[in-house]
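Engineer: Questions regarding the structure given below will be posed in turn.
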Amino acid sequence: MKFIKVFLTISLCIFALLGDYIVFKSKYSSSFPFRALSDSVVHAGVGLFSSLLFFTRDHSLTSNVCIYNVTLCTIASSVIDIDHFFVAKSIYLKDLSGLNQRGVFHCTTFWLLLTTILLSYTYFYKHVDAYISTWMLVVAFTSHHIRDANRRGLWCCPFGHTPPLPTNLYITLLATLPHLFSVMCAFMRPVIVKPSFDYSLIV
């Protein structure tokens, strides 16, 4: 398992760096549709590796639980960018170019508040399935925001934006936060006798 953790950590870092190069520095980067679509793919890939890392520590979860939550994190990591359409007030990709404003899903304080409320609720009412899924949202939004912060900084409303994160710090955070969140999840997990959701119905 230690080898898997190291392998996934290295793979995450390489994927993020290679993805950033393809999106922003390749010969196709001058095309906005290419940048937008490939950026979403890279966000999803980073979310995938991050969620796999998250589950390498816990051996008590069934494969169905892991598959469901890894899928959730992968999709959520990319879907965060849907707020670009809300800001542009358009469903057309061409209208997203040149946006000066960031949508609510790119606000780090919004997600911190939302996930804190959800984690508190699921902990006190012992909804372990929703508790784990909420941690997937934490992994998804942090991986997305940290990757964006390498270029634009973190948006912590109402305090404003941080400076852009240096690449070495950005990669270090990507590589370490899934491990940290996994430890926090296991330490605070509510204890129940039986899970409330049958994952076999969808996996």
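The values are calculated or read from the model by the stated rules, or taken from the named source; none is laboratory data. All values reported here derive from a predicted model rather than from experimental measurement. When we count neighbours, we look across all protein chains shown, and the Cβ atoms used for this are built from the backbone with ideal geometry, even at glycine.
Engineer: L99 versus (1) in contact with a helix residue (DSSP H, G or I) (Cβ under 7 Å, 6 or more places away or on another chain); (2) part of a helix (DSSP H, G or I): which is the lone unmet condition?
Structural biologist: (2)
Engineer: Does I10 satisfy being surrounded by fewer than 16 Cβ atoms within 10 Å (Cβ to Cβ) and at pLDDT 95 or above? Let's see the steps before the verdict.
Structural biologist: Working: surrounded by fewer than 16 Cβ atoms within 10 Å (Cβ to Cβ): yes; at pLDDT 95 or above: yes.
Yes.
Engineer: Going by what's in this entry, would I75 be described as surrounded by 18 or more Cβ atoms within 10 Å (Cβ to Cβ), β-branched (V, I, T) and modelled with pLDDT of 95 or more? Break it down into steps so the answer makes sense when it comes.
Structural biologist: Numbers: surrounded by 18 or more Cβ atoms within 10 Å (Cβ to Cβ): no; β-branched (V, I, T): yes; modelled with pLDDT of 95 or more: yes.
Criteria not met by I75.
Engineer: Follow-up question, since we're still on this one. Which condition from (1) outside any loop (DSSP other than H, G, I, E, B); (2) farther than 19 Å from H179 by Cβ is the one that S90 breaks?
Structural biologist: The failed condition is (1).
Engineer: Could you list all residues from the range 1-59 that are over 14 Å from L177 (Cα atoms) and not in a helix (DSSP H, G or I)?
Structural biologist: M1, S26, K27, Y28, S29, S30, S31, D58, H59 - these are the residues of the range 1-59 that are over 14 Å from L177 (Cα atoms) and not in a helix (DSSP H, G or I).
Engineer: Sticking with this structure for a sec: Of all residues in the range 108-164 being in contact with a Pro (Cβ under 9 Å, 6 or more places away or on another chain), of a type outside the set (S, T, Y) and not in a loop (DSSP other than H, G, I, E, B), which is farthest from G47 (Cα to Cα)?
Structural biologist: Within the range 108-164, the match that is farthest from G47 (Cα to Cα) is F124.
Engineer: Consider the range 81-100. How many of its residues are farther than 29 Å from S133 by Cα and surrounded by fewer than 16 Cβ atoms within 10 Å (Cβ to Cβ)? First the steps, then the outcome.
Structural biologist: As a first pass, look at the range 81-100 and keep what is farther than 29 Å from S133 by Cα: 88-90, 92-100.
Filter once more, so that each one left must be surrounded by fewer than 16 Cβ atoms within 10 Å (Cβ to Cβ): 89-90, 92-95, 97-100.
The number of residues fulfilling the criteria is 10.
Engineer: I'm told T108 meets every condition in (1) buried (at least 18 other Cβ atoms within 10 Å of the Cβ); (2) in contact with a Cys (Cβ under 9 Å, 6 or more places away or on another chain); (3) more than 26 Å from P166 (Cβ to Cβ) except one. Can you identify the failing condition by its number?
Structural biologist: Among (1) buried (at least 18 other Cβ atoms within 10 Å of the Cβ); (2) in contact with a Cys (Cβ under 9 Å, 6 or more places away or on another chain); (3) more than 26 Å from P166 (Cβ to Cβ), T108 violates only (3).
Engineer: Follow-up question, since we're still on this one. Would you be able to say whether some residue in the range 107-118 is closer than 23 Å to S50 by Cα, in contact with a His (Cβ under 8 Å, 6 or more places away or on another chain) and among the aliphatic types (A, V, I, L, M)? Step through it out loud before you land on a result.
Structural biologist: Here is the first cut: in the range 107-118, the ones closer than 23 Å to S50 by Cα are 107-118.
Cutting the leftovers down to in contact with a His (Cβ under 8 Å, 6 or more places away or on another chain) gives us 108, 111.
Next, from what is left, pick out any that are among the aliphatic types (A, V, I, L, M): none.
Among the residues of the range 107-118, not one is closer than 23 Å to S50 by Cα, in contact with a His (Cβ under 8 Å, 6 or more places away or on another chain) and among the aliphatic types (A, V, I, L, M), which makes the answer no.
Per-residue answers, yes or no, for (1) among the polar types (S, T, N, Q); (2) farther than 29 Å from N100 by Cα; (3) in contact with a His (Cβ under 8 Å, 6 or more places away or on another chain):
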residue: V6; (1), (2), (3): no, yes, no
residue: L17; (1), (2), (3): no, no, no
residue: K27; (1), (2), (3): no, no, no
residue: S40; (1), (2), (3): yes, no, no
residue: V46; (1), (2), (3): no, no, yes
residue: R57; (1), (2), (3): no, yes, yes
residue: S63; (1), (2), (3): yes, yes, no
residue: N69; (1), (2), (3): yes, yes, no
residue: D83; (1), (2), (3): no, no, yes
